[in-house]
Amino acid sequence: MNALVEAITEMREEDAVRLAQEELSSGTPPAEVLDHCREAMSIIGQRFEEGECFVPELILAGEILHQISDLVKPHLTQTAETKKFGRVVMGTVQGDIHDIGKDIVTFMLDVNGFEVKDLGVDVPVAKFVEAVKDFQPQVVGLSGFLTLAYDPMKNTVTAMREAGFTGKVMIGGGQIDEQIRQYTGADGYGKDAMAAVALAKNWVGA
Ligand code: B12
């Protein structure tokens, strides 16, 4: 197992942050460092499912990931393009507070030339509706990691459409797949941040 993956799964916070820094300094592409984080999180998620670890561990893992994300961000920014492609509204839907994946998507969109308005977590339907009116995005990205997030996603898509939003909606998060995309009425779904960038670029014709 990769040393960073191992340090995260063993909740060795300082080691994990140091190893991520070492990977970045030795030239590991930032996307690969994030891949290691994802691998570790999926192992932790599995352990949680099997009752081998509990919410405090999830919280700690979340904190470790936030620190690593902060380290990775400046490395992504080095390749930043000027914001020219369009506007995206992002948020984690109502009832869901997972923000690590959303934050990664937000800064990948940001450094790939989009102006992103991040509404945060547990975002009520009305707040998305207000944001599409005020910010006039071409694309809205809804994040959700809980099964319980699918209905809020669907409600958000419906409400934005009813309010006259004619742009595209993408969804993503741990378990999201084509079936859930259809259920929610979104235009597309993405497995990771690069997929989010590809969808958004495709939709704005970039
Ligand atoms: C860390 C974590 C937490 C942390 C979150 C910290 C934070 N600040 O985000 C805390 C401790 C708060 C937490 C709480 C809970 N969690 Co939790 N959590 C996780 C865990 C371990 C990792 C999630 C994560 O951040 N992964 C890292 C990111 C980087 O992974 P990623 O998916 O690859 O990210 C990419 C894609 O998702 C995609 N993406 C994300 N958003 C979007 C949006 C768009 C538009 C697109 C295109 C793409 C996209 O791009 C990302 C970047 O490449 C997962 C397990 C797992 N394997 O996912 C469980 C998990 C999601 N949690 C789970 C549960 C049950 C809970 C709790 C209910 C636990 C409890 N009993 O209290 C609460 C819910 C709180 C709430 N109301 O939201 C379950 C959900 C089960 C389900 N089907 O509903 C999971 C799957 C664990 C499990 N296996 O049981 N959790």
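Summary of values
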item: Rounded percent of accessible protein surface that carbon and sulfur make up, region 99-139, 1.4 Å probe; result: 47 percent
item: Per residue accessible area of the chain, 1.4 Å probe, in Å²; result: 49 Å²
item: Integer Hz, Karplus 6.51/-1.76/1.60 couplings in order for region 92-99, x for Gly and Pro; result: 8, 5, 3, x, 10, 10, 5, 10
item: Percent accessible area from carbon and sulfur atoms, region 166-206, protein chains only, probe 1.4 Å; result: 45 percent
item: Gaussian network model of the chain, Cα within-10 Å springs - most flexible of S69, S42, S26; result: S26
item: Listed peptides 135-142, 179-186 by packing density, highest first (mean Cβ within 10 Å); result: 135-142, 179-186
item: Helical segments meeting 30 Å axial Cα length and Kyte-Doolittle 0.5 threshold in the chain (DSSP H); result: 55-77
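The values are calculated or read from the model by the stated rules, or taken from the named source; none is laboratory data. No experiment lies behind these values; they were computed from the predicted model shown. Quick reminder, even Gly has a Cβ in these numbers, built from the backbone with ideal geometry, and neighbours come from all protein chains shown. In case anyone asks, the SASA skips ligands and DNA or RNA and just uses the protein heavy atoms, side chains included. Shrake-Rupley method; radii C 1.70, N 1.55, O 1.52, S 1.80 Å.
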